[in-house]
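Each remark here refers to the structure printed beneath this line.
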Amino acid sequence: MDDFGAAFGDAFRLILAADPELLAIVGLSLRVSLTAVACAALIGLPLGALLAVYRFPGRGVVVVLLNALMGLPPVVAGLLIYLLLSRAGPLGELGLLFTPGAMVIAQTVLVTPIVAALTRQTVADLFAEYDEQLRSLAVPRASAIATLIWDGRYSLLTALLAGFGRAIAEVGAVIIVGGNINHVTRVMTTTIALETSKGNLGLALGLGVILLTLAVAVNAAVMGLSNVGAQSHGA
Amino acid sequence: MAPSAAAGSAPVPEIAAPRRAATAPPILPLAVRGLGYSADGASLVSDLNLDIADTRVHVLVGPNGAGKSLTLRLLHGLLAPTAGTIRWNGAPPDRRVRLRQAMVFQKPVLLRRSVLANLTYALRAHGVPRRERHQRARAVLDAAGLSAVAGRAARVLSGGEQQRLAVARAWAVHPEVLFLDEPTANLDPAATRMVEDMIAAIRDQGTAIVLATHDMGQARRLGEEVLFLHRGRLRERSDAAAFFAGPQSPAGRAYLAGRLLA
């Protein structure tokens, strides 16, 4: 019990003192995960919207795959990216393995299916409502898709936040492709895993508190956004 | 051409009549030949022949399931017919033809944006230059009595305001033909009156109106020509006065007397 209390004490001291090492780790975590979410948005939003709007053979299979990929185990994703990026792999020449870039790629792979699948659902619902009106206005398909994405913006932001939640809390993929190298690829989750095994509970718990706070903040933001959407647009 | 019933109380907006490029011929007359639409083996519209050459208010009446909504969608090009042809001055109802028409649906489809943005969106889709959009949108909002809510989110308006906005949006693009599918089915009498006034004003500016309704009062108030549909077929076509004085077809008589259910 003393260890427990001491660990909490250390944790809050580190946070309150804005310990530079802790800040660096938190900063890298945010940078990697936010970049990954941005990449996932660039791929997942249009991909989900296209799946919602266009009918083509094999579309059902793609949708099932996408939904299944939402549950892709991070370690498996990490392993696949590792194989691609390792020296002998097809993308080995890029020299990305054990860099933040590799971690961004791994998290993008994890987050894109979430963004795409949630986008598909949101846009499909809107499309059912808007389709005739947009065709009556002779809106071209590409503009129609942009309209659907914009009008679904509150739900889609929620999807992006869900993706961010998955990215920031994930450990399996980034530890494999990043290698948890001090000051280079060490993020909150990998540090917690490492410091816990070393018995350095203060730093681990401090990071844990920050992660939990982020999780609460993300969920509060999701709820706030859907309320704003519901109140201002009935959506 | 008889003046429309509601024109007296219609708002008098500063809205230009439908603007046509000097070179573009009008999209009327409409010529429909042998039009049919079937789905899942059921024939929903069959052998429909129709010519519309004038810009009057043509009301499409008939019991539920007669094919009124379907006919509007076919004429507007939202659905492809399974038989027959539709020609707007020789052209099929493609995107170019639709750009010179507008349609208002029974349940207004409003974008999740402000009232004003709903209008400027439609104007942009119709290729109206940016500097002109705002001015035109404001003029139509005035006419629709919606100026006070221009900045509000469209989807939190009352049902009547939402439908007025939908009609205003159709008005703003200066259509040569305006389709309305039961535009007041969900509205109370006061809101219905306001929408009818707008329709009359649009008609007075030279737009041909094709209005589907099962509200016989509305058909009498607005209609100048009646197209009576029954079981997917055009059973009767007459001047409104003649139809309401005494339909020629037995089905028309039964419908007007309230004895025709489907």
Candidates A:89, A:165, A:206, A:202, filtered to the one that is in contact with a helix residue (DSSP H, G or I) (Cβ under 6 Å, 6 or more places away or on another chain), away from every other protein chain (no Cβ under 14 Å) and outside any helix (DSSP H, G or I): A:89
Checking the structure you have, find out if any residue of segment A:125-145 is within 13 Å of another protein chain (Cβ to nearest Cβ), under 30 Å from residue B:127 (Cα atoms), among the β-branched types (Val, Ile, Thr) and out of contact with any Gly (no Cβ under 6 Å at 6 or more places or on another chain). yes
Restricting the search to segment B:137-193, which residues are surrounded by fewer than 20 Cβ atoms within 10 Å (Cβ to Cβ), among the small types (Gly, Ala, Ser) and in contact (Cβ under 8 Å) with a residue 60 or more places away in the chain? B:139, B:145, B:185
Selected residue (criterion: nearest to residue B:108 (Cα to Cα)) from residues of segment A:129-148 that are touching a helix residue (DSSP H, G or I) at 6+ places or on another chain (Cβ under 9 Å) and open to solvent by 40 Å² or more (accessible area, probe 1.4 Å): A:132
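Let's see how each residue does on (1) under 23 Å from the mean Cα position of the chain (by Cα); (2) among the polar types (S, T, N, Q); (3) modelled with pLDDT of 95 or more:
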residue: A:111; (1), (2), (3): yes, no, yes
residue: A:126; (1), (2), (3): no, no, yes
residue: A:130; (1), (2), (3): no, no, yes
residue: A:136; (1), (2), (3): no, yes, yes
residue: A:143; (1), (2), (3): no, yes, no
residue: A:152; (1), (2), (3): yes, no, no
residue: A:155; (1), (2), (3): yes, yes, no
residue: A:159; (1), (2), (3): yes, no, no
residue: A:162; (1), (2), (3): yes, no, no
Of (1) modelled with pLDDT of 95 or more; (2) touching a His at 6+ places or on another chain (Cβ under 9 Å), residue B:162 fails just (2)
Give me the pairs: first residue in segment A:10-26 and touching a residue at least 60 places away in the same chain (Cβ under 8 Å), second residue in a loop (DSSP other than H, G, I, E, B) and surrounded by 18 or more Cβ atoms within 10 Å (Cβ to Cβ), beta-carbon distance under 9 Å, and six or more apart or on different chains, which are they? A:24/A:186; A:25/A:186; A:25/A:187; A:26/A:187
Starting from residues that are open to solvent by 70 Å² or more (accessible area, probe 1.4 Å) and over 25 Å from residue B:33 (Cβ atoms), keep the ones in segment B:230-261 and report whichever is modelled with the lowest pLDDT. B:261
Condition (residue is open to solvent by less than 30 Å² (accessible area, probe 1.4 Å) and without any contact (Cβ under 8 Å) to a residue 24 or more places away in the chain) applied to segment A:39-61: is it met by at least one residue? no
Is it true that residue B:79 is closer than 29 Å to residue B:254 by Cβ, within 14 Å of another protein chain (Cβ to nearest Cβ) and touching a Lys or Arg at 6+ places or on another chain (Cβ under 7 Å)? yes
Within segment B:87-126, how many residues turn out to be under 14 Å from residue B:162 (Cβ atoms), among the basic types (Lys, Arg) and open to solvent by 30 Å² or more (accessible area, probe 1.4 Å)? 2
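The values are calculated or read from the model by the stated rules, or taken from the named source; none is laboratory data. These numbers come from a predicted model, not from an experiment. A quick note on method: Cβ atoms are made from the backbone with ideal geometry, for glycine too, and the neighbour counts reach across all protein chains shown. Please note that ligands, DNA and RNA were not included when accessible areas were found on the heavy atoms of the full protein model with its side chains. Shrake-Rupley method; radii C 1.70, N 1.55, O 1.52, S 1.80 Å.
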